[in-house]
Amino acid sequence: MDLKFEKLHEDFGARISSFNPKKLLSKDFATQIMAAIDEYSFLHFPKQVINEKKHLAFTRLLGIPEINHVKFGQEGVTDYFYTIGNVQHGGGALPNSHKTVIFQTGNNMWHSDSSFQKTPAFATITYACETPTVGGETEFVSCRSAYTRLPDLIKKEIDRLIVVHDYLFSRSKVSQDAVTPSHAVSLPPVRHKLVRENTAIRRKNYYIGSHAKEIEGWSFCESRRLLDDLLERATKADYIFTHQWEKGDFVIWDNRCLLHRGKGYDADLYRRRMRQTRVKEK
Ligand SMILES: [Fe+2]
């Protein structure tokens, strides 16, 4: 299949407007998409009609789907989909004051999906079912490009550091009781290298975000100084690509090297429903 990629930002991102949706579940398409993820980090297929069966089958073509950690941690239920937005099961729209909507404001901090897991998410695959007419955008930046821009001295300083990622740490910024006890037990803090390499293309990046709590062996203050500095370097206005969601958008992004954050929306006025799967790292 001959896919045409329209670049979205100098650092990353491509839109693929013409592809045959009948090929979604072909191995050839999956192979091309894996290579495109390495090259572009963010892929946007507009105006798609993709049901959940196809969405999950496509997810499995890219790797092992992640189990929804919230449902599993809270209820012990295995589900491969996350629902992002205020329209949950049943179709009613939850208001700003609802705990689910408040909980999801945690996504408005720069993060990499599931970096708090021992095996984090390699890719996130999102299908937009309902989108607000105002707000609800998602911003993305590349920590591969940010790493490239670092002075050599900092590259050397951070090369062998280990970062502790902790879901309780990031969610404590939203609310002190955002995470139930059983959910908390299911997600102990994990260690990840700060500098990681995509070995297929030999490109390095740094791996941070809201779940990144501290550097192993460093004081909390020293850790925050470095992690906050790296975040600031990556998220300058010129480096941000903003995706304005439209119904039917099918979007894949590479969590290994991108950070993203929600821009928020008024759940009292608008409906938002995204169905999302994640592919685990190998
Ligand atoms: Fe996210």
Checklist line | Glu157-Glu246 pseudo-label distance in nm [points 7 Å out on the Cα-to-Cβ vector] | finding: 4.4 nm
Margin query: Springs between alpha-carbon pairs under 10 angstrom, Gaussian network model over the chain: which of Asp38, Asp28, Asp113 fluctuates most?
Written below: Asp28
Notebook entry, point to check: What value, in deg cm²/dmol to 500, does the helix sum -39500 (n - 2.57) over DSSP H runs of n ≥ 4 give at 222 nm once divided by the residues of the chain?
Noted result: -7500 deg cm²/dmol
Check: Taking R0 as 30 Å, what's the FRET efficiency between Glu137 and Phe5 from their Cβ-Cβ distance, rounded to 0.05?
Finding: 0.90
Next item on the list: Assuming R0 = 35 Å, can you tell me the calculated FRET efficiency for the pair Val185 and Val49, based on Cβ-Cβ distance, to the nearest 0.05?
Entry: 0.30
Check: Amide H neighbours of Lys247 under 5 Å, counting only residues 5+ apart in sequence or on other chains, H built in-plane at 1.01 Å?
Finding: Thr131
Margin query: Please give the Cα centre distance for the range 1-74 versus the range 174-199, rounded to the nearest Å.
Written below: 25 Å
Next item on the list: Return the ratio Rg/(2.2 N^0.38 Å) for the range 193-282, where Rg is computed over Cα atoms only.
Entry: 1.34
Next item on the list: Determine ³J(HN,Hα), in whole Hz, for all residues of the range 124-130 in sequence, where each value follows from phi through the Karplus function 6.51 cos²θ - 1.76 cosθ + 1.60 and θ = phi - 60°; x replaces Gly and Pro.
Entry: 10, 10, 10, 10, 8, 8, 9
Notebook entry, point to check: Say each of Lys204 and Gln88 gets a label point 7 Å from the Cα, pointing the same way as Cα to Cβ; how far apart are those two points in nm?
Noted result: 4.3 nm
Note to self: Normalised radius of gyration for the range 77-156, please: alpha carbon Rg relative to 2.2 N^0.38 Å, two decimal places.
What the structure shows: 1.44
Notebook entry, point to check: Which one of Ala178, Cys143, Trp253 has its Cα pushed farthest toward the positive end of the charge dipole of the chain, where Lys and Arg give +1 and Asp and Glu give -1 at the Cβ?
Noted result: Trp253
Item checked: Pairwise Cα inverse-distance average, inverted: Kirkwood Rh of the range 84-236 (Å) -> 17.2 Å
Next item on the list: For the range 150-244, run through the trypsin sites (Lys or Arg not before Pro) and keep only the ones in DSSP coil with at most 16 other Cβ atoms within 10 Å of their Cβ.
Entry: Arg160, Lys173, Arg202, Lys236
Check: Non-local amide H neighbours of Glu214 (under 5 Å, H modeled in plane, Pro and chain starts lacking H): which ones?
Finding: Val164
Notebook entry, point to check: In debye to the nearest 20, how big a dipole does the chain give about its Cα centre with +1 on each Lys and Arg Cβ and -1 on each Asp and Glu Cβ?
Noted result: 600 debye
Notebook entry, point to check: So what J values fall out for the range 189-204 if you push phi through Karplus, 6.51 cos²θ - 1.76 cosθ + 1.60 with θ = phi - 60°, rounded to Hz, Gly and Pro as x?
Noted result: x, 10, 10, 9, 4, 6, 9, 10, 10, 7, 6, 5, 10, 6, 10, 9
Item checked: Built amide H within the under 5 Å cut-off of Phe122, gap 5+ -> Val279, Lys280, Glu281
Next item on the list: Tell me the label-point distance for the pair Asp268, Arg225, using the 7 Å Cα-to-Cβ offset, in nm and rounded to one decimal.
Entry: 4.3 nm
Check: If eta is 0.692 mPa s and T is 37 °C, what Stokes-Einstein diffusion coefficient results for the range 6-280, Kirkwood Rh from Cα pairs, in µm²/s?
Finding: 171 µm²/s
Next item on the list: Between Gly76, Gly63, Gly136, find the one with the highest GNM mean-square fluctuation for the chain; connect C-alpha pairs within less than 10 Å.
Entry: Gly76
Next item on the list: Count the lysine pairs in the range 138-280 whose Cα atoms lie under 22 Å apart, taking only pairs 8 or more positions apart in sequence or on different chains.
Entry: 19
Margin query: Within the range 1-18, list the residues whose amide N lies under 11 Å from a label point set 7 Å along Cα→Cβ of Thr31.
Written below: 1
Checklist line | Cleavage-rule hits, GluC sites (Glu not before Pro), the range 175-282, DSSP coil, Cβ neighbours within 10 Å at most 14 | finding: Glu216, Glu246
Margin query: Which residues among the range 198-223 fall inside the zone where the amide N is under 19 Å from a point 7 Å beyond the Cα of Ser172, along Cα→Cβ?
Written below: 209-223
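Where a number appears in this text, it was derived from the coordinates with a stated rule and is not lab data. All values reported here derive from a predicted model rather than from experimental measurement. Here Cβ is always computed from backbone atoms with ideal geometry, including for glycine, and neighbour counts include all displayed protein chains.
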